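Data first, discussion second: the structure below is written as structure tokens.
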Amino acid sequence: MSTATESNAEGRPSARQRLLDAANELFYNEGTQTVGIDRIIEHAGVAKASLYNTFGSKEELVRAYLQSRHARTTERLNAAVDEYTDPVDRVLAIFEAQGTMFAQPNFRGCAFISASAEAPPGGLVEQAADDYRNDIRELFIRLARDAGVADPAKLGHQLHLIYDGAGISARMDRDPSAAVAARAAAAALLETELKIGG
């Protein structure tokens, strides 16, 4: 997987990195189907052959774009979780990190929802979205297990639904405070589950 520091011998970002940076900006802001290959190439300042030699197809580029967002998002969420030692606070940290993301002026919702809504079923884009969603759900399940709830898989699924709902609400209602409501809902759910388990 590429990183933001990938560069060539002259210290300039590699063609791959420039293509990914262009894809990240244009696909996220305008949609994967709306933005054509020619715009990506022009924005990246590379030759058309560079795109096909590096990624092979637009679908592969979209998958690489989603994989790079997947890595950055999970890194950000794990860093937020690691700021706490209390198991309940570690779960709630995800919603706090989500709130920071919602408050960004360029927040345009979930890249994975947008890309998968535009992609044909069963392809590389759907696979990349599924991989991301599985990782987020597994993070919630692991944290629920660490918190000591009776059924971590069930709670992890419920927390994931709250997480998804907050993202949709923040985007559709243009309301970054959706993360505050989501955190409160998650806290109440955790409290209930811990009482049941206790």
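The values are calculated or read from the model by the stated rules, or taken from the named source; none is laboratory data. Keep in mind the model is a prediction, meaning the values are calculated, not measured. We place every Cβ from the backbone using ideal geometry, glycine too, and count neighbours over all the protein chains shown. For accessibility, only protein heavy atoms count, side chains too; no ligands or nucleic acids. Shrake-Rupley method; radii C 1.70, N 1.55, O 1.52, S 1.80 Å.
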When (1) under 26 Å from GLY167 (Cα atoms); (2) open to solvent by less than 50 Å² (accessible area, probe 1.4 Å) are applied to GLY36, the one that fails is (1)
Checked region 102-118 for anything open to solvent by less than 20 Å² (accessible area, probe 1.4 Å) and part of a loop (DSSP other than H, G, I, E, B); matches are GLY109
**Study point:** ALA47 open to solvent by less than 20 Å² (accessible area, probe 1.4 Å) and among the aliphatic types (A, V, I, L, M)
**Key:** no
ASP146 vs (1) in contact with a Lys or Arg (Cβ under 9 Å, 6 or more places away or on another chain); (2) closer than 17 Å to ASP164 by Cβ; (3) not aromatic (Phe, Trp, Tyr): all pass except (2)
* To do: State whether the residues of region 143-160 include one that is outside any helix (DSSP H, G or I) and open to solvent by less than 60 Å² (accessible area, probe 1.4 Å).
  => yes
Exactly one of ARG12, ARG63 is touching a residue at least 40 places away in the same chain (Cβ under 8 Å), basic (Lys, Arg) and either surrounded by 19 or more Cβ atoms within 10 Å (Cβ to Cβ) or farther than 26 Å from PHE140 by Cα (or both), and that residue is ARG63
Meets criteria (more than 16 Å from GLN33 (Cα to Cα), assigned to a helix (DSSP H, G or I) and open to solvent by less than 50 Å² (accessible area, probe 1.4 Å)) for VAL125
no
The number of residues in region 86-99 that are open to solvent by 50 Å² or more (accessible area, probe 1.4 Å) and either in contact (Cβ under 8 Å) with a residue 24 or more places away in the chain or in contact with a His (Cβ under 8 Å, 6 or more places away or on another chain) (or both) is 1
Going through (1) of a type outside the set (Ser, Thr, Tyr); (2) in a helix (DSSP H, G or I); (3) open to solvent by 40 Å² or more (accessible area, probe 1.4 Å) one by one, GLU83 fails only at (2)
Counting only residues that are under 22 Å from SER116 (Cα atoms) and under 24 Å from the mean Cα position of the chain (by Cα), region 31-45 contains a total of 9
For region 100-129, pairs from a residue that is over 13 Å from PHE27 (Cα atoms) to a residue that is part of a loop (DSSP other than H, G, I, E, B) and not acidic (Asp, Glu), with Cβ under 7 Å and 6 or more apart or across chains, are MET101/PHE107; PHE102/PRO176; ALA103/PRO176; GLU126/ALA119
